[in-house]
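The values are calculated or read from the model by the stated rules, or taken from the named source; none is laboratory data. Keep in mind that this is a model prediction, so the values were computed, not measured. Heads up, the Cβs are rebuilt from the backbone with ideal geometry, glycines too, and the neighbour counts pull from every protein chain shown.
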Protein chains: 2
Amino acid sequence: MAEPGIVTACVVVIGNEILSGRTQDKNVNYLAKGLESLGIRLREVRIVPDDRKKIVDTVNECRAAFDYVITTGGIGPTHDDITSECVAEAFGVGMYRDPETVELIRSYLRSGEMNEARMRMATFPEGAELIANPVSAAPGYRKENVFVLAGVPQIMRAMFDGMKHHLSGGSRMRARAVHVHLPEGAIAEALGEVQERHPDIDIGSYPAMRQRRFGVSVVLRGTDEAPLDRALAEVRESLVALGGEPTDESPDSPPDPED
Amino acid sequence: MAEPGIVTACVVVIGNEILSGRTQDKNVNYLAKGLESLGIRLREVRIVPDDRKKIVDTVNECRAAFDYVITTGGIGPTHDDITSECVAEAFGVGMYRDPETVELIRSYLRSGEMNEARMRMATFPEGAELIANPVSAAPGYRKENVFVLAGVPQIMRAMFDGMKHHLSGGSRMRARAVHVHLPEGAIAEALGEVQERHPDIDIGSYPAMRQRRFGVSVVLRGTDEAPLDRALAEVRESLVALGGEPTDESPDSPPDPED
């Protein structure tokens, strides 16, 4: 999977609550944006249940295929929090209890509240480098190219923001976007022609409503500003030729509220 | 992966816009709830880019491993809509143009608006059985155990709701939930003991805020009501013994707004 200048990542979301529909995942979107801003390409996401073999196999497959793997979920104190055992097994290493983390967790508790379940949150795969948890003490960690973060969004975000400067990014992705009140089917051929002339630019087309009218957002992504602006000019020309009035918009434009 | 009485599914989300962070996926959660209500276990989700080889490999891997595969995204008219070619390639079949769909799409357009790009939405892998799109005409389809749906949420939902009665469910999952204002680390050991006594029940523990106080939601899932109620009674007893006051709540209880 090695591509020159390209740094890739995979996010592995661990948790039955996402797969049962109880919980709407919000971590993928946060990590996607964060990785994008670092020049790292999020190439795949896997959402897997709290199942030992599945987690071990997924971690091993993904850490071989991508530069970075980020897992979320399964590092709390309860019986269904099995991520750390699974990461240790995936790497074929044992686990160790970190005395400083034991003391850190103890400092968040009242006297006598430390117990075996909480000790599990101070137990890591051998070779893990800890990632601070400024919200609730129990840390995440890095094991080689695998970053193990909490599942609770506010904790996950704090961990990621605290550790992301350790990730080596590649070429930053730049983006441009225009919106036009034309149907996707009317502009598809012209867009495809621009895409063919600019194979290094990724042109995406997304039906979207603006000012209560249906239209299309066209998003262009690439690493170099000049070719990106040339492709954007060609997209604009094509849309005008089709009778449209393209308007610039943010490439991060949110989806329609009614979606 | 065959398990007696258990019907499994995998959702494959296709689209660069999810992986770049531009779009927050909402289809997985809708499908997760819909499958759960049919007695089908959503066992994995893959989110992959608009990349031919990746889509083909993912479809082939997942259709062999799960009873059902549902894909979302990539069936529109533009150059980045490549799902149907990929599904055809995954199955090793050619593609055909469906004359009725051509007429259907034409009926949504003004005279002269039909074009080659729109014809792509009437072109399917051989053997596809079409799934109606009551929103914007261009259908999804089923090819053996793979269901190919649109990515736009309102269209995806209409397609799924229209076709889901064709899915054969297994044993329905029943769920119970209680919330308690105790920290997860305090109840972990007791919960683990209940889980050990009830291996057929899946007990999950989720930190959650209620009435502005932190606590834990404990969710129990299983196919049979009586063992589920016995396990729930044991969970309640354990929580009371720990000084908690467990209150029933919906197993679908939404997450905290501040998440």
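Among the residues of the stretch A:185-192, is there at least one that is buried (at least 20 other Cβ atoms within 10 Å of the Cβ), of a type outside the set (A, V, I, L, M) and in contact with a strand residue (DSSP E or B) (Cβ under 6 Å, 6 or more places away or on another chain)?
no
Could you grab me the full set of residues in the stretch A:19-36 that are among the hydroxyl-bearing types (Ser, Thr, Tyr) and touching a residue at least 12 places away in the same chain (Cβ under 8 Å)?
A:Tyr30
Can you name every residue in the stretch B:189-213 that is within 12 Å of another protein chain (Cβ to nearest Cβ), out of contact with any helix residue (DSSP H, G or I) (no Cβ under 9 Å at 6 or more places or on another chain) and not aliphatic (A, V, I, L, M)?
B:Glu196, B:Pro199
Check every one of the helices (runs of 4 or more DSSP H) wholly within the stretch A:56-156 and list those with 2 or more residues that are in the same structural domain as A:Ile18 (by TED's automatic domain parsing) and surrounded by 21 or more Cβ atoms within 10 Å (Cβ to Cβ). First the steps, then the outcome.
On the way: elements: A:83-91, A:99-107, A:116-119.
Filter on the stretch A:56-156 gives A:83-91, A:116-119.
For the subset of the stretch B:112-150 comprising residues that are over 17 Å from B:Asp80 (Cα atoms) and of a type in the set (D, E, K, R), which member is farthest from the chain's Cα centre (by Cα)?
Ranking the qualifying residues of the stretch B:112-150, first place goes to B:Glu113.
Just to be sure I understand, how many residues within the stretch A:171-188 are assigned to a helix (DSSP H, G or I) and away from chain B (no Cβ under 12 Å)?
The total comes to 0.
Looking at A:Asp50, A:Asp25, A:Asp80, can you tell me which residue is within 11 Å of chain B (Cβ to nearest Cβ) and in contact with a Leu (Cβ under 9 Å, 6 or more places away or on another chain)? Spell out how you get there, then give the answer.
On the way: A:Asp50 fails: in contact with a Leu (Cβ under 9 Å, 6 or more places away or on another chain); A:Asp25 fails: in contact with a Leu (Cβ under 9 Å, 6 or more places away or on another chain).
Criteria check complete, one pass: A:Asp80.
Looking for whichever is under 14 Å from the mean Cα position of the chain (by Cα) and within 30 Å of B:Val69 (Cα to Cα) here; the options are A:Arg43, A:Arg52. Which one fits?
Answer to the check: A:Arg43.
State all residues of the stretch A:64-119 that are of a type in the set (Ser, Thr, Tyr), out of contact with any Pro (no Cβ under 7 Å at 6 or more places or on another chain) and closer than 18 Å to A:Asn145 by Cβ; if no residue qualifies, say none.
Selection gives A:Tyr68, A:Thr71, A:Thr72, A:Thr83.
May I ask you to list pairs of residues, at least six apart or on different chains, whose Cβ atoms are under 7 Å apart, with the first in the stretch B:234-245 being in the same structural domain as B:Val178 (by TED's automatic domain parsing) and the second being of a type in the set (Gly, Ala, Ser)?
B:Ser238/B:Ala190; B:Leu242/B:Ala186; B:Leu242/B:Ala190
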